[in-house]
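> This is the structure I want to talk about, given as structure tokens.
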Amino acid sequence: MGNLLFGTAALVTGASSGIGEATAAALAGEGAAVALVARRRDRLEGLAGRIREGGRTAEVIEADVTDRAAAEEAVATAVRAFGRLDVLINNAGVMLLGPAVGAPVEEWERMVELNLTGLLYVSHAATPHLLAAAEQEPRRVADMVNISSVAGRVARSGSAVYNATKWGVNAFSEALRQEVTGRHLRVGLIEPGAVATELASHNRPEVLDSIRQRFGGIERLESEDIARAVLYMVTQPRHVAVNEILIRPTEQEG
């Protein structure tokens, strides 16, 4: 463990598993007090316990960020707990693939609500606190990191609405970056390829078969690989902004 983020506070959405869980642990490992946000409280409590056993600080916040009031209260709770907010990791998301023709519209709605609208709610609530932290010691810089996807860069058949949400995340991130970078709020984008998480497990059986056929023969990334990329982004010196990291498994072509 280190202290590169000692004296700072972070909030991670989707912290109950996968990339969010690994990233929260990595941030805590560098000394940040971490607010853990997700719907599965039992999973958050387990992660918080491990962080605290390591002598670090964690706050459990059970919330569904697709609810605007809940997203705003999650940010407010973190700020009350820690007195500040220096790092926001917008990680909560869902990937529901399959042909657009005849697709269940409910899947589209869920992706838009979580991948895009929920991210916007949390970002809107957190930005004033991040801007305030950027004016304060110990770092005099703050970070918002949005977890997107290769799907935010490459559109593919069978991924239309997932593509749309991630392209939206990319566009929002770049526009916001231009707006706030002069105030030392860095907005970064992480775009992972195939990662060995439970993300794909929410798909319909026939879609799962297609995913297995495409990625079953390659060595996928682990959540910790993405967490290291996030940590690299947010621990740069004040004058360095890493705006975007595209990270794929070595064997993944597209």
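> Name the residue farthest towards the positive end of the dipole of segment 32-182 from the options Gly158, Ala81, Ile51, assuming +1 on Cβ of Lys and Arg, -1 on Cβ of Asp and Glu, about the Cα centre.
Ile51
> Give the distance, in whole Å, between the Cα centre of segment 38-80 and the Cα centre of segment 151-197.
24 Å
> Where Lys and Arg each count +1 and Asp and Glu each count -1, what net charge lies around Ile226 among other residues with Cβ under 13 Å from its Cβ?
Value of the local net charge: -2.
> Against the longest principal axis of the chain, how steep is helix 205-215, in degrees 0 to 90 to the nearest 10, with axes from Cα atoms?
So the inclination is approximately 80 degrees.
> Same structure again: Quick query: amide H of Ala32 versus all other amide H atoms, modeled in the peptide plane; which residues come in under 5 Å with a sequence gap of 5 or more or a different chain?
For Ala32, the qualifying residues are Leu5.
> Working out 0.36 nm times the residue gap between Glu219 and Gln236, then minus their Cα-Cα distance, what length gain in nm do you get to one decimal?
Using 0.36 nm per residue and subtracting the Cα-Cα distance, I get 3.2 nm.
> Helix 223-234 versus the longest principal axis of the chain: what angle, 0 to 90°, nearest 10, using Cα atoms?
Tilt relative to the chain: about 40 degrees.
> Taking only Cα atoms and a 10 Å spring cutoff, compute GNM fluctuations for the chain and point out the largest among Ile51, Ile89, Ile218.
Ile218
> With r defined as the distance between the Cβ atoms of Ala76 and Glu174 and R0 fixed at 35 Å, what FRET efficiency is calculated, to the nearest 0.05?
In this case the efficiency is close to 0.80.
> For segment 130-254, give the magnitude of the charge dipole about the Cα centre (Cβ charges: +1 Lys/Arg, -1 Asp/Glu; no others), in debye to the nearest 20.
280 debye
> Moving on to the next point. If you put +1 on each Lys and Arg Cβ and -1 on each Asp and Glu Cβ, how big is the dipole of the chain around its Cα centre, in Debye rounded to 20?
420 debye
> I've got another one for you. Taking 7 Å along the Cα-to-C-beta vector as the label spot, tell me the Ala155-Arg41 distance in nanometres, rounded to one decimal.
Going by the 7 Å Cα→Cβ label model, 4.3 nm.
> Could you give me the ³J(HN,Hα) list for segment 99-109, computed from phi with Karplus coefficients 6.51, -1.76, 1.60 and θ = phi - 60°, whole Hz, x at Gly and Pro?
Computed from phi, the couplings for segment 99-109 are x, 6, 5, x, 5, x, 4, 4, 5, 4, 4 Hz.
> Can you give me the long-range amide H partners of Gly158? Hydrogens built in the peptide plane at 1.01 Å from N, cutoff under 5 Å, separation of 5 or more residues or another chain.
Ala100
> Rounded to whole Å and sorted largest first, list the principal axis extents of the Cα atoms in the chain.
Principal-axis extents of the Cα atoms in the chain, largest first: 51, 39, 38 Å.
Any read-out appearing in this document is the output of simple, stated calculations on the displayed coordinates, not a laboratory observation. Please read all numbers here as calculations on a predicted model, not as lab measurements. Positions of Cβ are backbone-derived with ideal geometry, glycine not excepted, and every protein chain shown enters the neighbour counts.
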